[in-house]
Amino acid sequence: MESYRGARTALIVGAGMAGLTAASALARRGWQVEIAEIGSAGATSGWGLCLTGPSLRALDELGLADPCLAAGYGMSVITHVDVDGALTDEVRLPRLIGAERPAMVGMARPALYRTLREQADRCGVEVHHGLTVAAVDQEGEQVRVRMSDGTLRRVALLVGADGIRSSVRHLLRLETAVAYHGQMVWRALVPRPPWATGVHQFAGKVNTAGLVPISDSRAYVFLTENGVEQSILPDDELVPRLWKLLAAFPGRVEEIRSLAAVAESVVRRPVLTAFLDGAWNRGSSVVIGDAAHAPAPQMASGAALAIEDGAVLAQELECHRSIGAGLDAFVSRRTQRCRTLVETSVAIADLEQAQRHHEAYPLVDACHRQMAEPV
């Protein structure tokens, strides 16, 4: 950064996993960082998620792997069960932060966001809620940003971490398609059964179900509904509909089904993917996380890519002489890795819908091992 003449100021749009990680990583390297987040403080979507080894490796560099492990549930195995209820495959995930620590952690989304936000606060990051970006212009070495409240910012770096339908990506004219894959994913928060010490996935004759522990006492049920149009159901129809869909599965799913029947709340979301071909950056602006590459949930690695992005972005900006060179290096370093994950997740989604589960299991294993390679 020796050749950049201005202050090291950054505006990040989006206070999700990518945005908060990037904010802390940059602030630890001396950047003055603020975040604009359109949502209200404390708002999160969904019940839980998996932080696979690559996410924990990146978080460990920020001193956050152990807090996440403490707040979640450590695991190292994905168990696949066939349509008759018999164990058919196990994926043993690489332990990337040491043999004595788990390979991944299931975690409640609010707990993860709280951990990331507290770290950003400690690093001096300023977060503004109810605010986003309305216009962007490159002015010399600075980015001129008009905010949704009419105020202006002039910063050295603009980072769009605002999700799959990123407004920053649109403002930078970095367009890509968002694809729907004929699947709706359901999740319900339930008590953790004693046998659930890792991720369990159950193949069905039509759909796929599973269970992910997120603490000693809690887990979330998921169900991937295949071959349906993208739609929104009334809230009062969600629990009975999930109850009905889970009835098609034998064995331990019956226990999951009874837990889901009394869940306080159920969420249902479409399986959407996107990948931004070509540049992710324009001038001194860049998009990261789901704004650049949004995988299907089948690889449970969207969080890993987002968190890695934040860490790698700060690394590349630190070791290049200009912001533009740093952003070019960041995109070059991330493109193929993220493309592989997105394409593999889509391939697995297609195999699930074709009921070719045994072909999907080796893809899951191989992709997790590829993701375990150095970033």
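Read-outs: derived from the displayed coordinates by stated rules, not from any lab. Just so it is clear, the structure is predicted and the values come from calculations on it, not from any experiment. Virtual Cβ from ideal backbone geometry, glycine too; neighbours counted across all protein chains shown.
Some points to look at:
- Rounded to 10°, Cα long-axis angle of helix 109-122 versus longest principal axis of the chain: 20 degrees
- Rel. contact order, % - alpha carbon contacts under 8 angstrom, at least six apart, the range 155-276: 34 percent
- Positive-end residue, the range 102-170 charge dipole about Cα centroid, Cβ charges, pick of Ala135, Val105, His170: Val105
- Relative to the Cα centre, the charge distribution of the chain, modelled as +1 at Lys and Arg Cβ and -1 at Asp and Glu Cβ, gives a dipole magnitude of about 480 debye.
- Cα gyration tensor, the range 200-358 - rounded (a/c under 1.5), prolate or oblate: prolate
- Taking the Cα atoms of the range 73-191, the ratio Rg/Rh between the radius of gyration and the Kirkwood radius comes to 1.10.
- Candidate values (1) 23.6; (2) 21.1; (3) 23.0 were compared with Kirkwood radius over Cα pairs in Å computed on the shown model; the agreeing label is (2).
- Prolate/oblate/rounded call for the range 322-375, Cα gyration tensor, a/c under 1.5 rounded: oblate
- Overall form of the range 41-97: oblate. Here a/c, set by the Cα gyration tensor axes a ≥ b ≥ c, is 1.5 or more, and a/b is not larger than b/c.
- Full extension of the chain segment joining Gln32 with Val262 gains 78.1 nm, where the gain is 0.36 nm per residue of separation less the Cα-Cα distance.
- Listed residues Asp84, Asp60, Asp235, most fluctuating in the chain (Gaussian network, C-alpha, under 10 Å): Asp235
- Charged-residue dipole, Cβ positions (Lys, Arg, Asp, Glu), the range 262-374 about Cα centre, Debye nearest 20: 160 debye
- Rounded to 5, the percent of DSSP beta bridges in the chain classed as antiparallel: 70 percent
- When each of the peptides 27-37, 161-171, 125-135 is scored by the mean number of other C-beta atoms lying within 10 Å of its residues, the order from highest to lowest reads 161-171, 27-37, 125-135.
- Spin-label model, Gln230 to Glu126: label points 7 Å out along the Cα-to-beta-carbon direction sit 3.7 nm apart.
- Cα-centre dipole for the range 85-162 with unit charges at Cβ (Lys and Arg positive, Asp and Glu negative), debye to 20: 160 debye
- Kirkwood Rh, angstrom, the range 164-210 [1 / mean 1/r, Cα pairs]: 14.8 Å
- For the range 1-138, the share of alpha carbon pairs falling in successive 10 Å distance bins from zero is 11, 33, 30, 17, 8, 2, 0 percent.
- Charge tally in the Cβ shell below 12 Å around Ala296, where Lys, Arg are +1 and Asp, Glu are -1, Ala296 excluded: -3
- If you wrap the tightest convex hull around every Cα atom of the range 101-171 and split its volume per residue, you get 155 Å³.
- For the chain, adding -39500 (n - 2.57) for each run of n ≥ 4 DSSP H residues and dividing by the number of residues yields -11000 deg cm²/dmol at 222 nm.
- Rounded to the nearest 10 degrees, the inclination of helix 302-319 to the longest alpha-carbon principal axis of the chain is 20 degrees.
- The GluC sites (Glu not before Pro) of the range 275-326 include none that meets both conditions, a loop assignment by DSSP and at most 12 other Cβ atoms within 10 Å of the site Cβ.
- In degrees, nearest ten, helix 357-371 long axis to first principal axis of the chain (Cα): 30 degrees
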